[in-house]
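Here the structure comes first, spelled out in structure tokens, and everything after it is commentary.
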Amino acid sequence: MDYYLSWRCLLLVLCTLNSMFRSCSGCFLEQRASLVDISSGLIIFGHDYENQMHSSWGVGDDCCSWKGITCDNSTGLISHLDLSPIDQDMDHMEEMEANDSSGLQGLSKLKYLDLSFNSLLGGIPGSVGLRNLHNLRELHLGSNELSGSLPASLFALPRLVYLDLSDNHLQGHIPINSSWNLRGLRLRSNKLSGSIPASLFALPSLEYLDLSDNLLQGNIPINSSWNPRELRLRSNKFSGSIPASLFAPPHLEYLDLSDNLLQGYIPINSSWNLRELRLRSNKLSGSIPASVFALPCLEYLDLSRNLLERYVPIKSSSKCSSLLQTIRLSKNKLSGKFDFFWLRNCVKLKQIDLSRNTDLVVQVKLHGWVPKFQLNTLRLSWCNLDKSMITEPNFLRTQHHLLFLDLSNNNLPGNMPDWLFTNEATLVYLNLANNSLVGSLDRVWQHQTYLKQVNISLNLVEGQLPANIGLMFPNLTILDVSHNIISGTIPPSLCNSSIQLMDLSNNRFTGEVPSCLFTDFYALNVLKLSNNSLGGKILDGVSSFSGHLWAIYLDNNKFEGTLPRNLSGDIALMDLHGNKMSGELNTSLWFLPSLEALSLSCNGLTGAIHPGICTLTKLRILDLSENYFMGHIPNCSTVLPLEFLSVSGNSLSGFPSAFFFSSYITALDLSHNQFTGNLEWAQYLSQISVLLLSRNKFVGQISSNMCRLQRLSIIDISHNMLSGSIPPCIGGIALEDPDDYEYGWPSIGITYSTGDYAVGMYSSDYEPQGFTFTTKGNSYTYGSNFFMLMSGIDFSANMLSGNKLDGTIPWQLARLSSLEVFSVAYNSLSGCLPATGQLSTFDVDSYRGNDNLRSCTASSDPVARNGTGGNAPGDSDPIIYMVTVVSFVLAFWATITFVFCHPFGQRVILKL
């Protein structure tokens, strides 16, 4: 059992050593006895090295030979104390807590102290604990649980050369002072904030500085006299431009400024000793300096995820560093041509990533040369890649050590490259998704020992999964063959594989799903079988999901029957919409405490919504739309933390707001039901962005409190029994700037990563299928992409039609400027049509059915009942209207008299 080592326990250890210093000049019996006494309080975690260290204590008379102990050759006194990693026996702690720290005064000879990788708690003992260690040169306290601020006295130790406090929970500023001898400072992975003190870069001896993964901000205050070898400032909030002086130090070998907010150009110059340059995930712009590839010692270059433009400054005449091993330029705006022939001098090249530069033309023809380098990583996704990459794979056939290959999203033609799946292949990761590959998979299925991730989705390949697929790929963790033309049944042998994410969706699979996929597939996390022709009883025979199963997608198939009453497991997502399920939804015996998303829409479920659904206390996404549910929504004693709720297209009634937290919900669709009452509850939906309440029986007026909903983007309250006027304040609903807040369209997901950037991550995110509203006879369905494409819409699709609203259209609505759809048709509105702003641009269909609503412009056309404007110039004047009617009547009877009484008229009639 793991325990924490307190500072008081540590002080007892140091005090015991102090007594040894006072009593002897070597490893005498007193020293040995004291160390044995210390060892009795140590608990070793069980690692081999730790067991060896612990077992050596007490063996032999010379304690200086024990693990973790080093003595000074001249004095015999202990100079190095390495107690990493250890923990402290809780039974022994009470004794240690009684000791005073004054005994530290005798430890002035200690030069090296390592307590890293322990569970040290609390703050660092500054003025009392470590102040007297005048000879201390190295202090290692990394990978503990230390908290609080950094004591200034720590940086005042006169001979301190190296300080490592990384991987703790330290906060506050860096209290640097005159640490003239400090050569190495590592404060990585803490919670340090504020700006970097300028005095830190003025330390004359400082060569290694690591402040990565903190909360530091501001500019980088480089001192021109500073001469570092390594500078690591990754994952902070540094802003501004990169100082040109940063590249001036002649001995600089390693520079990492990744994952910050730096802007501007890359001011690199003659950094002749620079081996690694990492600037990924900033906002750097301009072109890549040609001097980058002229650096003679450069081994690692990462400029990915920036705003860099124009061509890559390597040409056939260029000579890149023969030491260069890694080139990562992905997710920029690079253009022009990149020819692999230009890399012929980079004989040690191992990794290339040019992905997501859609205007970059990548050519891989050999031109009669054979590459001297052997890549292990090649990522060319979303490039303008040479279309012969697969059909004429001369370059790929020269690379015999490829582990990671990503050619996805390039529209590559040709047959599925079965030569990538030979027994000699060493691939671990293969991504050929979203191309135009054809052919059969039958020749692909060969035994692969190394392969862990395969993604051939979004192609046109066909064939079947082999019956023994689980044995063919014993180490496969991700299999994605979705969006192809694969047919046949799902082989049960998959249950014996190590696959964690399996996506077989959007194919032509038939038959039943092996029940072991749900119950006995212990490695599986995510199962996607959507949009096939699978059938049988839904979740047949399942009562308990396997332990690691996290998400199930069975939507848009042909599953039948009712859901089991006694489901249990740690599943977080179940999407079963678009099947043929029937019967009642009985959740009384469900034990799914981790369930966050449940979609049962577009089935044939009947009856009431069972109150057992209230036990799903983590549910964030619930879609029960397009079924035959009746009755009231359950009144849960503990309301659910729903963010998305759709029950549209049922026959539900009652009052809906007692089912969810009003401050959580962002998308609510109650349309096409029988809900009643007023809309006063809607004013408390502070996060709502989509509110669809059409075709219910809501009554009352639209309260001005609805104007509090400042994040509202779409509202549809048409076809209810609302009355009164439209609140003028609706025109003042603020248009949200997308940069001011991140719209949280409800989603949950899981991400897979092998821990290597070369492999990347594979995400499986679930979003509700969307919502539908109808206007002008047309139905529109939107999902999360609607908000990405239409960011900033403040009140689009305002369905106020089909009620009994009266009064005028408030002039304040003219402030609205980003509407996609607007309708107040079939109400009792009166007065003038909007003549300014965006409302004046909508056609008359948006205002039809309001008999007293008219245009007040020069033409003065009224809004006709059928939605078309009158054309007679006197339609708006009652006198002219009466004259027109009388004239029509007189003309009619004159025509009748002419036809039947005049001789000419009679002859015309007789001829007809």
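The values are calculated or read from the model by the stated rules, or taken from the named source; none is laboratory data. Everything quoted here is computed from the prediction, not taken from an experiment. Virtual Cβ from ideal backbone geometry, glycine too; neighbours counted across all protein chains shown. SASA here: full protein model, heavy atoms, side chains in, ligands and nucleic acids out. Shrake-Rupley method; radii C 1.70, N 1.55, O 1.52, S 1.80 Å.
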Handout entry: 3J(HN,Hα) from dihedral phi, segment 248-253, Karplus parametrisation 6.51/-1.76/1.60, rounded to Hz, x for glycine, proline
Key = 7, x, x, 9, 5, 10
Exercise for the section: Within the set of other residues whose C-beta is less than 11 Å from the C-beta of Tyr208, count the net charge using Lys and Arg as +1 and Asp and Glu as -1. Expected result: -1
Practice task
Find the accessible area per residue for segment 484-549; the probe is 1.4 Å, ligands and nucleic acids are left out, and the unit is Å².
Solution key: 35 Å²
Practice task
Please sort 671-679, 427-435 by packing, taking for each peptide the average over its residues of neighbouring beta carbons within 10 angstrom, highest first.
Solution key: 427-435, 671-679
Practice task
Using a 10 Å cut-off on Cβ atoms, rank the peptides 619-627, 546-554, 842-850 from the highest mean neighbour count down.
Solution key: 619-627, 546-554, 842-850
Practice task
Could you tell me what percent of the accessible area of segment 493-630 is made up of carbon and sulfur, with a 1.4 Å probe and every protein chain present?
Solution key: 48 percent
Completion exercise
Given backbone amide H placed at 1.01 Å from N, residues whose amide H is under 5 Å from that of Gly583, ignoring those fewer than 5 places away on the same chain, are Thr606
Fill in the blank from the handout: Put His632, His483 in order of accessible area, largest first, probe 1.4 Å, and you get His632, His483
Practice task
Let me know the Rg and Dmax you get for segment 225-308 when you use only its Cα atoms, in Å.
Solution key: 11.6, 31
Exercise for the section: Sort largest first and round to whole Å: the equivalent ellipsoid semi-axes of segment 469-519, each the square root of five times a Cα gyration tensor eigenvalue. Expected result: 17, 14, 10
Exercise for the section: Return the sequence-ordered ³J(HN,Hα) values of segment 425-442 in whole Hz as given by the Karplus equation 6.51 cos²θ - 1.76 cosθ + 1.60 applied to θ = phi - 60°, using x for Gly and Pro. Expected result: 5, 10, 4, 9, 10, 9, 10, 10, 5, 6, 10, 10, 6, 10, x, 9, 7, 4
Problem - With DNA, RNA and ligands ignored, accessible area of Trp419 (1.4 Å probe; Å², nearest 10) - result: 50 Å²
Problem - Cα-derived Rg to Rh of segment 151-279, Kirkwood definition - result: 0.94
Problem - Extension gain from Ser224 to Glu145, taking 0.36 nm per residue of separation minus the Cα-Cα distance - result: 24.8 nm
Practice task
State, to one decimal in nm, how far the label point of Phe661 lies from the label point of Trp369, with both points 7 Å from Cα in the Cβ direction.
Solution key: 6.1 nm
Completion exercise
Per-residue accessible area, 1.4 Å probe, largest first, puts Lys697, Lys537, Lys111 in the order Lys537, Lys697, Lys111
Practice task
Sum up the charges of everything whose Cβ sits under 12 Å from the Cβ of His577, counting Lys and Arg as +1 and Asp and Glu as -1, but leave His577 out.
Solution key: -3
